[in-house]
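Let me begin by presenting the structure, written as structure tokens, before commenting on it.
The values are calculated or read from the model by the stated rules, or taken from the named source; none is laboratory data. This one's a predicted model, so the numbers in the text were calculated from it and none came from an experiment. Neighbour counts are summed over all protein chains in view; Cβ atoms, including those assigned to glycine, are modelled from backbone coordinates with ideal geometry. These accessible areas exclude ligands, DNA and RNA; they are computed on the full protein's heavy atoms, side chains included. Shrake-Rupley method; radii C 1.70, N 1.55, O 1.52, S 1.80 Å.
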Amino acid sequence: MRLHSSFITVAVLSAICTLFLPVKFIEAQSATGVIRGFIYDQGSGEPILFTNVYLKGTTLGSSTDTKGFFTITRIPPGSYTLMSTYLGYDTVSVVVRIKGGDILNEKLFLRKSSLNLEMVEVRGEKEEQRTTVKVSVETVTPKQITQIVSVGGEPDIAQYLQVLPGVIFTGDQGGQLYIRGGSPVQNKVMLDGMIVYNPFHSIGLFSVFETDIIQSADVYTGGYNSNHGGRISAVMDITTRDGNQKRWKGKVGASPFLGRVLMEGPLGKAGTPEKPAPTLVVSARSSWLDQSSKRLYTYADSNGLPFSFTDLYAKTTFRSSNGSKFSLFGFNFSDRANFRNVSDFGWDSRGLGGNFVLIPEGSNSVVSGTLAWSDYNSFQIERGRGPRNSGISGFNGTVNIAQYLQRDELNFGFDLVGFGTRFKFTNPSGIILNQNENTTELAGYIKYKLLTDKLVLEPGLRGHYYASLGEFSVEPRLGLKYNLSPALRLKFAGGWYSQNLISAVSDRDVVNLFFGFLSGPDNLPKTFDGERVQSKLQKARHAIVGTEIDLGKHVELNVESYIKNFDQLTNINRDKIYEDISEFEQKPDFLKKDFIIERGRAYGFDFRLKYDRRQYYVWATYSWTYVDRFDGQRTYFPSFDRRHNINLVGIYKFGSDRSWELSTRWNYGSGFPFTQTQGFYPNLSLNGGINSDYLSQNGELGVVYAGFNQARLPSYHRLDASLRYTYAVSDHSEIDFNFSVSNVYDRRNIFYFDRVRFSRVNQLPILPSFGVTWNF
């Protein structure tokens with residue numbers, strides 16, 4: 001209760017600050033000026049992220065955000081030289097004159113340098129580390145994605161996410177990502193503000209996001225602030241590129257895994273700073289692994305590997321001369337997987353949306369927002385089980401306002417989400433669960449970032465209303481960082497979180513791919529663990545502490561310890577054997593309710609060591625995690641509880657112009673929990689009651705299970721390697737050759753165990769691949 005009261009107190013104080021502090025700063029800024037604007041790449045016209053921007057000869061400066069936007073406030077009247085520097089680009093400068101009360105809009109265009117800048121150390125990220133909380137968040141760019149081993153010759157964010165601390169990957173076939181004790185449905189994924197309900201393909205090496213359309217991706221593994229909500233574990237926020245302003249360019253690539261094409265450019269004449277051109281980005285890729293593997297990888301499966309998918313994406317952007325812009329985008333993703341006639345799985349996803357960034361003239365604010373619609377449908381047919389079907393469709397809209405006050409920042413806005421779920425599921429006892437629901441969620445948030453010489457304090461407050469359940473959730477959040485020295489920083493983040501959406505996953509699936517979506521039910525048990533149930537929402541509390549240490553100029557160490565208390569979870573009732581009707585009124589809830597309540601914990605610690613200097617790059621992570629659940633009858637380990645996880649990444653660039661790149665990655669994970677088979681029995685149908693002829697029936701094969709998830713599968717480890725060579729054809733054309741080997745020493749990692757056939761099925765064996773990509 002004390003911790004809860006502390007969070008409420010901080011949140012109330014932040015609300016008070018938002019009312020009174022702006023008045024103070026407006027008065028102060030009447031005697032000073034503001035410079036704001038964007039930094040662009042001169043060659044493409046696209047924004048440059050995390051760029052240093054400063055006034056020469058002063059301590060006043062900033063760095064650009066994920067939109068390429070910067071703001072420098074509290075500038076005394078006078079003449080200054082505004083400069084921008086970024087590694088790999090020529091420094092640019094412009095003379096500006098500030099008067100009291102001025103708000104200047106500036107756009108700077110950086111030209112890529114033709115010089116070798118090995119000795120230049122320009123790191124906007126260092127300033128960002130000192131002035132932002134950055135707890136349990138990794139910002140990922142396409143450059144980082146392409147650096148690590150490209151399995152199948154194709155770089156993908158799904159492969160990069162697997163090396164992040166706190167992220168558990170369940171395998172290259174049917175792989176899913178579990179983040180610090182949270183299941184996939186508890187992780188919110190957004191593409192340009194649109195909610196994406198399944199971001200990963202059945203072959204766990206690929207996401208639905210083409211690498212070259214990504215501008216940046218923020219991955220929050222916990223403790224995220226009040227601008228994000230509706231999920232209780234993690235958030236992945238992906239922003240896509242707007243497209244080249246200057247010329248049409250493209251990319252075509254092919255490997256045994258897939259083929260892809262991307263085109264982008266201005267619609268009409270090339271854009272200028274005074275008159276930006278509308279732009280278009282179109283990307284398409286399709287996997288042909290199910291066909292190519294029949295010729296190249298017959299040793300893996302004589303019938304071919306069972307994966308196929310197609311991803312289509314398009315975006316058009318209209319930009320004004322002051323940096324305001326409006327974008328329209330859409331996608332169509334599909335996936336199919338058939339595992340040796342054991343399980344047939346597939347899904348289709350489509351969506352349309354628009355977003356905007358508005359830079360009001362003469363204001364210190366930036367307004368952004370999104371309105372989008374999406375639809376997702378999936379199915380799974382498994383031998384010996386009834387078919388399962390799930391769908392979710394709906395809209396989401398957001399409006400966000402950022403106001404820059406001196407060195408501080410005020411953010412507030414609202415979210416509106418409406419969706420309908422369709423679901424049909426047969427549990428192991430043969431009971432059919434059918435649900436069709438519609439619901440609406442409305443949320444508002446406020447957060448304030450206070451920046452001093454040593455301290456970054458970021459309190460926030462979120463209010464979230466769930467219409468279908470008639471509940472309002474008040475969620476205080478807090479983040480802070482204290483700079484003990486330029487090389488040592490302490491940090492904390494935490495808060496309260498809630499969620500309505502649940503997933504229908506059977507922990508006893510042979511192939512665990514299906515996680516159908518359901519709206520949170522209102523017919524939950526009235527009591528849990530001897531106490532009355534007060535809420536129908538899923539709820540969690542996060543607390544994360546950590547430290548960042550710069551071990552010299554090129555080595556960084558990040559250590560974080562965390563706990564996630566899942567105070568209330570909703571799950572499919574795997575033990576149901578009676579219908580919830582008056583006839584069975586006296587039966588306990590855990591034998592008749594469609595859904596049950598659970599409670600859980602996830603705690604552990606993560607280490608991340610990074611070395612980055614010239615042609616060498618080393619990334620090493622270790623995670624220790626403990627996850628459990630209590631369903632009112634038993635305490636058990638969920639299927640994704642992995643105690644130890646290690647990732648080692650090494651990159652070496654060589655050659656006279658560093659056109660060669662060698663990458664390696666080794667991953668180790670201790671075994672996942674599983675339920676052993678205790679025996680078999682003839683499962684007879686007695687639908688005829690006492691008149692059933694059980695003597696002449698063959699019956700189906702029934703399974704007697706041992707203790708739930710009380711055993712552990714063997715550990716998982718794998719080495720991947722790739723060698724890439726880039727050949728420059730001309731100034732605007734180059735060819736990348738990529739040779740990769742997945743599972744270099746052919747480790748036999750278990751995928752699943754077929755109980756009926758009593759046979760083990762492994763993950764992918766050693767898979768060499770060669771890919772070619774032409775950039776023009």
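How would you classify the stretch 161-231 from its alpha-carbon gyration tensor, with a ≥ b ≥ c the square roots of the eigenvalues: rounded for a/c under 1.5, else prolate if a/b is greater than b/c, otherwise oblate?
Numbers: a/c = 1.64, a/b = 1.17, b/c = 1.41.
Oblate, since a/c reaches 1.5 and b/c is not below a/b.
So, in nm, how far is label ARG760 from label ALA31 when the simple model puts each one 7 Å beyond its Cα toward the Cβ?
Placing both labels 7 Å along Cα→Cβ, they lie 7.6 nm apart.
Before rounding to the nearest 500, sum -39500 (n - 2.57) across all DSSP H runs of length at least 4 in the chain and divide by the residue total; then give [θ] at 222 nm in deg cm²/dmol. Present the calculation step by step, with values, prior to reporting the outcome.
Values: 5 runs with 55 residues, N = 776.
Only helices count here, giving -2000 deg cm²/dmol.
Taking R0 as 51 Å, what FRET efficiency do you get between TYR727 and HIS644 from their Cβ-Cβ distance, rounded to the nearest 0.05?
Working: r = 41 Å, r/R0 = 0.81.
It comes to 0.80.
At 1.4 Å probe size, with no ligands or nucleic acids counted, give the accessible surface of SER63 in Å², nearest ten.
Roll a 1.4 Å probe over it and SER63 shows about 30 Å².
Taking the Cα-to-Cβ direction at VAL744 and at ASN332 and moving 7 Å from each Cα, how far apart do the two end points lie in nm?
4.2 nm
Using 0.36 nm times the number of residues separating LEU352 and THR527, minus their current alpha carbon distance, what extension gain do you get? Let's see the in-between values first.
Working: separation 175, 0.36 × 175 = 63.00 nm, distance 4.20 nm.
Stretched out fully, the LEU352 to THR527 stretch lengthens by 58.8 nm.
Reachable aspartates and glutamates from LYS246, Cα under 15 Å, same-chain residues fewer than 8 places away excluded?
Qualifying aspartates and glutamates at Cα under 15 Å: ASP41, GLU46, GLU264, GLU274, ASP731.
Round to the nearest 0.05 the FRET efficiency obtained for HIS717 and GLN633 when R0 = 41 Å and r is the Cβ-Cβ distance.
Values: r = 35 Å, r/R0 = 0.85.
Computed FRET efficiency for HIS717 and GLN633: 0.75.
State the answer as a single residue: which of SER293, TYR313, ASN332 lies farthest towards the positive end of the charge dipole of the stretch 278-336, with beta carbon charges of +1 for Lys and Arg and -1 for Asp and Glu, about the Cα centre.
Value: TYR313.
Of PHE345, PHE50, which has the most accessible area and how do the rest follow, probe 1.4 Å?
Working: PHE345 5, PHE50 35 Å².
The most accessible residue leads, giving PHE50, PHE345.
Leaving out ligands, DNA and RNA, and with a 1.4 Å probe, what % of the accessible surface on the chain is carbon or sulfur?
Heavy-atom surface of the chain belonging to carbon and sulfur, 1.4 Å probe: 56 percent.
Which far-off residues, 5 or more places away or on another chain, put their amide H under 5 Å from the one on LEU501, with H placed in the peptide plane?
GLY520
What Kirkwood Rh does the stretch 207-267 have if only Cα atoms enter the pairwise 1/r average? Answer in Å.
Value: 14.3 Å, from the Cα pair sum.
Taking the Cα centre of the chain as origin and charging only Cβ (+1 Lys, Arg; -1 Asp, Glu), how large is the dipole, in debye to the nearest 20?
1100 debye
Strictly over 28 Å apart at the Cα level, which of LYS294/LYS315; LYS294/LYS424; LYS107/LYS143; LYS449/LYS564; LYS107/LYS491; LYS56/LYS315 would you flag in this model?
Details: LYS294/LYS315 35 Å; LYS294/LYS424 34 Å; LYS107/LYS143 24 Å; LYS449/LYS564 24 Å; LYS107/LYS491 34 Å; LYS56/LYS315 38 Å.
Flagged as over cut-off: LYS294/LYS315; LYS294/LYS424; LYS107/LYS491; LYS56/LYS315.
On full extension of the chain, what length is gained from ASN438 through TYR616, given 0.36 nm per residue of separation minus the C-alpha to C-alpha distance? Working shown, then result.
On the way: separation 178, 0.36 × 178 = 64.08 nm, distance 5.25 nm.
Taking ASN438 through TYR616 to full extension adds about 58.8 nm, to one decimal.
Quick one: what do you get for the stretch 401-493 if you divide its Cα Rg by 2.2 N^0.38 Å? Display every interim value, and only then the final one.
Values: Rg = 20.9 Å, N = 93, 2.2 N^0.38 = 12.3 Å.
The reported ratio for this selection is 1.70.
In the chain, what percentage of the DSSP-assigned beta bridges are antiparallel, given to the nearest 5?
On the way: 310 of 323 bridges.
Once the DSSP bridges in the chain are tallied, antiparallel ones form about 95 percent.
What's the extension gain from LEU104 to TYR652 if we count 0.36 nm per residue and subtract their Cα-Cα distance?
Working: separation 548, 0.36 × 548 = 197.28 nm, distance 4.37 nm.
The span from LEU104 to TYR652 would gain 192.9 nm if fully extended.
Place a label point 7 angstrom from the Cα of THR58 along the Cα-to-Cβ direction, then list the residues of the stretch 83-100 whose backbone nitrogen is under 19 Å away.
Output list for this probe position: 83-85, 92-100.
Would you mind getting the accessible area per residue of the chain, heavy atoms of the protein chains only, 1.4 Å probe, in Å²?
Numbers: 32060 Å² over 776 residues.
Ligands and nucleic acids excluded, the result is 41 Å² per residue.
Filter the chain for me: DSSP H helices, axial length by Cα at least 30 angstrom, mean Kyte-Doolittle hydropathy not below -1.0. List them by residue number.
Values: long enough: 2-29 (38 Å, 1.20).
Qualifying helices, which must be both long enough and hydrophobic enough, are 2-29.
Between HIS554 and LEU296, what's the calculated FRET efficiency when r is the beta-carbon distance and R0 is 35 Å? Round to 0.05.
On the way: r = 40 Å, r/R0 = 1.15.
Here the calculated transfer efficiency is 0.30.
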